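All of the numbers you see were taken from the coordinates with simple rules; none came from a lab. Treat the numbers as computed from the prediction; the structure is a model and nothing was measured. Here the Cβ is made from the backbone with ideal geometry for all residues, glycine too, and neighbour counts use every protein chain on show.
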Amino acid sequence: MTRLSDDLVALWAPERLGRSWKEGECSILLQLLAILFLIGILLGYVVGRRFGKKEGFRLGFSYAPLELRRLSLLEGQCRLCGRQNDDPSSFDSDLQVCYDQTKLAAIDRPE
Amino acid sequence: MWPSISRLGAVLCMALAVKLMDDLLDGDLGRVDREGAEAVLGAGGAAAYALFLGMVAAALNTEWAVTLFLAAYAVGMLDDPLRRLPSRLPAGVESFLAVMIGILAYGWRSALASLACMVVIQALDDLVDYRRDLQAGRRNWVTATGKFEVALMTVIWLIIGLSLDEMRLAASISGAWLVGFGAARVSAGRLGARPSA
């Protein structure tokens, strides 16, 4: 096995200069690769989580009114104001008014 | 034999000095109920002992003591990097300056090895104290970023520390644990001795 570079050993672990490949470059390369690999995972996780949170809120805010309306229609009672389904012909439009009043879509989304 | 003992002594003295300083700063910020070093020694006593122990550590092994102290200073200031300190500099800038001084004085390997020790100790401490800090509303790396991020960062710095100077890492973590354990015992003893109201 050819030696990669004494410079790398001198830079990271000078006490290993002149040692065998296994105790010198190989172990240093493994350590540096492990560090770079984990830094990559960390960066990917941090960026992914940040974007994921934003996307989750966006999807949640667009899904919530539909789900609330579905549950309200199923239960015959508005999930937000508790209004009963006394008049089926106007219940759905009443729900719409209720949701508009709560301005669900206009709630500030956390960054 | 003597170099190892002097290094261990330097780490222990510096751990105690940093602990005293940390308790004093916490007391100043009203973050603890004054049961730390300040309650035991008084503010003046704690400051004097912190300085004295720092000097003893420097006498035993200057490189380890100075780089570890600078690293502890840099890491301690990272809680709130934008906070203006009495020097009128933001805490982040002071952190950077502390690391740079360590690099200029003892080279990047030594400064980085000490920084790794301190980051690992702080991160482990934050991971362990995460729930308590959350309840107390205290700043903590875990509450600020997340458990997985801090755990992964700890592993990365652990590898860096092991790679650069495994003795320093082992000595620092043991020293920090010993001092933390001792402080908890002293604090518990004082609380136990207090007459019940």
Open item on the list: For a test of understanding, tell me how many lysine pairs in the protein assembly as shown have Cα atoms under 22 Å apart, given they are 8 or more places apart or on different chains.
Closed with: 4
TODO: Take the Cβ-Cβ distance between B:W108 and B:W2 as r, set R0 to 22 Å, and report the resulting FRET efficiency rounded to the nearest 0.05.
DONE: 0.20
Task: Distance between modelled label sites at A:E55 and A:D6, nm, 7 Å Cα→Cβ extension - done: 5.1
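For the protein assembly as shown, what does the alpha-carbon gyration tensor say about shape, rounded, prolate or oblate, given a ≥ b ≥ c as the root eigenvalues, a/c under 1.5 as rounded, and a/b over b/c as prolate? Could you put the intermediate results ahead of the total?
Numbers: a/c = 3.12, a/b = 1.65, b/c = 1.90.
In terms of gyration-tensor shape, oblate.
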Open item on the list: For a quick check: with amide H placed at 1.01 Å from N, whose amide H comes under 5 Å from B:L78's, ignoring anything fewer than 5 positions away on the same chain?
Closed with: none
Task: Whole-Hz couplings from phi, Karplus 6.51/-1.76/1.60, listed for region B:2-16; x for Gly and Pro - done: 4, x, 5, 5, 5, 5, 4, x, 4, 5, 5, 4, 5, 4, 5
TODO: Tabulate in residue order the Karplus-calculated ³J(HN,Hα) for region B:165-173, using 6.51 cos²θ - 1.76 cosθ + 1.60 with θ = phi - 60°, rounded to whole Hz; enter x for Gly and Pro.
DONE: 7, 5, 5, 5, 5, 4, 5, 5, 5
- [ ] Kindly provide the trypsin sites (Lys or Arg not before Pro) of region B:53-149 that DSSP labels as loop, not H, G, I, E or B, and whose Cβ sees at most 16 other Cβ atoms within 10 Å.
- [x] B:R83, B:R88, B:R138, B:R139
- [ ] Report ³J(HN,Hα) in whole Hz for each residue of region A:89-94, in order, from the Karplus equation J = 6.51 cos²θ - 1.76 cosθ + 1.60 where θ = phi - 60°; Gly and Pro get x.
- [x] 5, 10, 4, 5, 5, 4
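What does the charge count around B:I103 come to, taking other residues whose C-beta lies under 14 Å from its C-beta (Lys +1, Arg +1, Asp -1, Glu -1)? Intermediate values should be presented prior to the final figure.
Working: positive: B:R109; negative: B:E63.
Within the 14 Å Cβ shell, the charges total 0.
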Open item on the list: Just to be sure I understand the model, the point goes 7 Å from the Cα along the line to the Cβ. What's the resulting B:L89 to B:F148 distance in nm?
Closed with: 3.6
Task: Charge sum, other residues only, whose C-beta stays under 14 Å from A:P88's C-beta, Lys/Arg counted +1 and Asp/Glu -1 - done: -4
Open item on the list: I'd like the orientation of helix A:27-75 relative to chain A: the angle between its Cα long axis and the longest Cα principal axis, in ° from 0 to 90, rounded to 10.
Closed with: 0
